[in-house]
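This report concerns only the one structure given below.
The values are calculated or read from the model by the stated rules, or taken from the named source; none is laboratory data. Not measured: the values here are computed from a predicted model. For neighbour counting, all protein chains shown are included, and Cβ atoms are generated from backbone atoms with ideal geometry for every residue, glycine included. Note: areas computed on protein heavy atoms with side chains; ligands, DNA, RNA excluded. Shrake-Rupley method; radii C 1.70, N 1.55, O 1.52, S 1.80 Å.
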Amino acid sequence: MNFASDNVVGASAPVLEAILRHNGGAMPAYGADPLTLGLTPRFRALFEHADLSVFPVTTGTAANALALSVMVPPFGLCLCHEEAHVMEDECGAPEFYTHGAKLHGLSGPGGKIAPDTLDRFLSGLPRHVKQMPARALTLSQLTESGQVYAVEEIAALARIAHAHGLTVHMDGARFANALVALGCPPAEMTWRAGIDILSFGASKNGALAAEAIVVFRPDLAETLEFRRKRAGHILSKGRFLAAQLDAYLDGDHWRANAAHANRMAARLAAGLAEIPGVRLAWPVQGNEVFPILPAGLDAALRRAGVVYHAWTSRSLAEGDRVGEGERMIRLIAAFSTTEAEVEDFLVLARRAA
Ligand SMILES: Cc1ncc(COP(=O)(O)O)c(C=O)c1O
């Protein structure tokens, strides 16, 4: 049983079939193929936005770092949550691609930045040539604590950021899980709420290796194609990236995958919450579960071969703590997680408890 992440599983069958289906014959290389060219109208229709541009890449790190490279100059600050993937888990790629911009982490429970926190920070920033000016805000949807920013929260943060001259990025590595949780159209959760650039994740939710940078402001897209090439993310056989994204979106496959993963996470959470001594750090809103459990139960689960990550408690609400004899962990359900896997895990957990 492996609940370590939604990228420990393979790609979904429709995605793999699409790669095979588009394998035969010659097509223009470097993104000039008909599949890649078809992504622009497709994403424009999906996001109800006539001027957006879409740039496929192979990793979420590349999507985030390249997006930020057109938003923040080398002398600028990019604000994020202190636990954000861009800050903690991308080996300095945003700083590298922006040629030196600095990330600044803001704290907040559940991996979320509160509008007040952002406003206070921006209003208090010294405006002197000696200090780096804030130029961008990046929000993770889902957050690192599996929480969903409501549309109104995104809009409030974007309003403040824009008023201070910042652009706003969304790290949507788990975009589909959040979208399904909110039950709103993609436009509502992004550009209509003030998002300027989105990293549209697909790999965690069924693709083999495909993400898309979706740029809602044409002026921000001007240099991105050159940057993508310099970063080595224009694939010569670009059709395979497009084929994945097409299959991902066809027939609402992406929403069905995310809805399933979210359901499996909810079931894991409900079962765990019934076990004495187990509580949830945050409500389950997407496909991630963060139980706080007795250390003995954690050890027993690991001994039984269940794979998952220990998690940091930095983002807990004030007054909430992981006690001496407790451990906090993260379980993630994927599009391919089965009901049987969830049930087997819960049986094991009940027995071990
Ligand atoms: C919030 C978040 N952003 C971005 C990524 C993208 O990472 P990768 O470069 O591994 O595709 C991940 C993957 O774990 C993530 O969790």
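The relative contact order of the range 13-252 comes to 30 percent, based on Cα pairs under 8 Å that sit 6 or more residues apart. Sorting the segments 276-284, 225-233 by their residues' average number of neighbouring beta-carbon atoms within 10 angstrom, most packed first, yields 276-284, 225-233. Helices assigned as whole DSSP H runs in the chain whose Cα atoms extend at least 24 Å along their own long axis and whose mean Kyte-Doolittle hydropathy is -1.0 or higher are found at 253-273. Put a plus charge on the Cβ of each Lys and Arg, a minus charge on the Cβ of each Asp and Glu, and nothing anywhere else: the dipole of the range 80-144 about its Cα centre is then about 460 debye. Rounded to the nearest 20 debye, the dipole magnitude of the chain is 500 debye, with +1 charges on Lys and Arg beta carbons, -1 on Asp and Glu beta carbons, and the Cα centre as origin. In the chain, the calculated helix contribution to ellipticity at 222 nm averages -11500 deg cm²/dmol per residue, counting -39,500 (n - 2.57) for every DSSP H run with n ≥ 4. Among the protein heavy atoms of the chain, carbon and sulfur supply 54% of the accessible surface, probe 1.4 Å, non-protein parts ignored. Among Tyr149, Tyr308, Tyr248, which one moves the most in a GNM of the chain with springs linking Cα atoms closer than 10 Å? Checking each option, the largest mean-square fluctuation is seen for Tyr308. Summary of the geometry: the range 1-48 and the range 76-121, compared by the centres of their Cα atoms, lie 30 Å apart.
Where both residues lie in the chain, what percent of DSSP beta bridges are antiparallel, nearest 5? Antiparallel bridges: around 50 percent, rounded to the nearest 5. Under the criterion of Cα pairs below 8 Å and six or more residues apart, the relative contact order for the range 216-336 equals 24 percent. Mean separation of Cα pairs under 8 Å and 6 or more residues apart, divided by the residue count, gives the range 40-113 a relative contact order of 30 percent.
Near His104, the amide H atoms lying under 5 Å from its own belong to Cys78, Leu79, Cys80; only residues 5 or more places off or on other chains count, and H is placed 1.01 Å from N. Ranked by the mean number of other Cβ atoms within 10 Å of their residues, highest first, the peptides 238-246, 37-45 come out as 238-246, 37-45. For His309, the amide hydrogen comes within under 5 Å of the amide hydrogens of Arg330, counting only partners 5 or more places away or on other chains and with H modelled in the peptide plane. Taken per residue, the accessible surface of the chain reaches 41 Å², heavy atoms only and a 1.4 Å probe.
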